Amino acid sequence: MAEPTGSVLVVDDDVAVGTVLVALLAQAGMSATHVANGEAALRALASKPADVVVTDLRMPGMDGMQLLSQIVARSPELPVVVLTAHGTVPLAVQAMRAGAADFVLKPFDREQIVFVVRKAMHAARHAEGRAAGAPMAQGPFASASPAMREVLELLARAAPSTATVLIRGESGTGKELAARAIHDQSPRRSGPFVVIHCAALPEALLESELFGHEKGAFTGAACRKPGRIELADGGTLFLDEIGDVPLAMQVKLLRVLQERTFERLGGTESVKVDVRFVAATHQDLDAMVRAKTFREDLYYRLAVVPIVMPPLRARPEDIAALVSRFAATFGAANGKGAIAIEPGALERLQSEGWPGNIRELQNFVERLVVLADGTTIGRADVERELARSVAMSPPAASPSPGASTSTLDDRRRTTEREALLEALGRVHGNRTLAARILGVSRRTLYNKLAEHDIG
């Protein structure tokens, strides 16, 4: 796993602990800031977004659990690592069921805290954009298309059962939202909904994340730690990008699906769980089965109820409603009130293929709203931002030997630089928001800023 750098917000009422954590994370190449309580943490996040939050659980005023709840509600994509003493491990497990990315026991050592923070940051960046927040929560399911109505009927029929569901579809079609809908409409709705992004973790780490580990199972395993399967007991476990699970791990997953039992890493005791499994992938599992890179028995065990999320190009009649919903939401969020979409602009949006599906459309509409001069978006605004999207994309192919591309390359670089500077100016230098309105990941934005020497 690469060692990502980024910003960390440390929340602890013990100033000494906060100071030590900031120093340790800074030594590891991360930018860290310390605040003393939950209220201060929310203010800090509002003014300057972070990549990871590390918070103590026991604090006066707003404690770590309350802070976690606020962050999950406001920024579900922001990973939260909780700190806890040995006697409060059950509270840490409760925090993970509530949405925390991980927990670390006090006293902690440098390698452990740095590893956990980097792991959370890595997973969040891999999954960036998957959880699109409130604007998307209803978007994919507000549909007038026959293809989507069929999906809604399947979701409604599958939800009350205990059957394993396999959701397939392109990136950005709302597979995780469909999984959440299944959980929310099921008898397990009061239980935990636990997500693991299988593609974000290397094989050795994936095993520990899924099955948990016993004390001493490996260096740094200071105590028994439950895995995601155990945390999902009584609820639903969502295995995102199941096609990326290595063959050796597929065997272990098959056993859990068949018997609902497993052993923690480094342990011999069988743990029995009551978990409903929902899996998703954008890959062609049928082809993978034929190529023997995905087990046939696991495939059929997962695909008891197969559901295919249609791409946005297969439901163009839904684009108008989605655009209106996103424009209203982002208009309110950015203090612009009601945003009107002219018919010409809507027609142009409906003519696009949107290979990134609903997620791409959502990001594009947010960009239109943020960069709009007034409260009306016209066709010219759409054309301008579509042209910028093309300019921000990498070249399609390398030029042939001896070909002169200086003029085209200069124009592309100039347009890119202008788009970067304008986006940063509009959001007063907030890089997270700039990346969002440009429709790129934060890492891509940072790379582009470095390429153009923009500080």
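The values are calculated or read from the model by the stated rules, or taken from the named source; none is laboratory data. Values in this document were obtained by computation on a predicted structure and should not be read as measured data. Counting neighbours? That spans all protein chains shown, and the Cβs are built from the backbone with ideal geometry, glycine included.
Below is a table of values for the structure above.
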{"quantity": "Those strands (runs of 3 or more DSSP E) lying entirely in the range 189-268 with at least 3 residues within 23 Å of Gln94 (Cβ to Cβ)", "calculated": "193-197, 236-240"}
{"quantity": "Some residue of the range 176-189 being surrounded by fewer than 20 Cβ atoms within 10 Å (Cβ to Cβ), without any contact (Cβ under 8 Å) to a residue 60 or more places away in the chain, touching a helix residue (DSSP H, G or I) at 6+ places or on another chain (Cβ under 9 Å) and within 26 Å of Arg118 (Cα to Cα)", "calculated": "no"}
{"quantity": "Flag for Leu67 being of a type outside the set (S, T, N, Q), out of contact with any Ser or Thr (no Cβ under 6 Å at 6 or more places or on another chain) and at negative phi", "calculated": "no"}
{"quantity": "Residue check for Ala50: surrounded by fewer than 16 Cβ atoms within 10 Å (Cβ to Cβ) and in contact (Cβ under 8 Å) with a residue 24 or more places away in the chain", "calculated": "no"}
{"quantity": "Residue within the range 276-288 that is exposed (fewer than 14 other Cβ atoms within 10 Å of the Cβ) and more than 30 Å from Gly353 (Cα to Cα) present", "calculated": "no"}
{"quantity": "Residues satisfying the stated conditions in the range 84-119, i.e. at pLDDT 85 or above, over 15 Å from Gly227 (Cα atoms) and hydrophobic (A, V, I, L, M, F, W, C)", "calculated": "Ile113, Val114, Val117"}
{"quantity": "Looking only at the range 304-324, and only at residues there that are surrounded by fewer than 18 Cβ atoms within 10 Å (Cβ to Cβ) and of a type outside the set (Val, Ile, Thr), the one that is nearest to Ser161 (Cα to Cα)", "calculated": "Pro306"}
{"quantity": "Filter result for Glu317 (part of a helix (DSSP H, G or I) and under 23 Å from the mean Cα position of the chain (by Cα))", "calculated": "no"}
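So that you can scan it fast, the table gives a plain yes or no per residue for (1) among the polar types (S, T, N, Q); (2) surrounded by fewer than 15 Cβ atoms within 10 Å (Cβ to Cβ); (3) touching a Pro at 6+ places or on another chain (Cβ under 8 Å); (4) more than 30 Å from Lys292 (Cβ to Cβ):
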site: Gly172; (1), (2), (3), (4): no, no, no, no
site: Phe193; (1), (2), (3), (4): no, no, no, yes
site: Glu214; (1), (2), (3), (4): no, no, no, yes
site: Arg224; (1), (2), (3), (4): no, no, no, yes
site: Gly243; (1), (2), (3), (4): no, no, no, no
site: Leu247; (1), (2), (3), (4): no, yes, no, no
site: Leu253; (1), (2), (3), (4): no, no, no, no
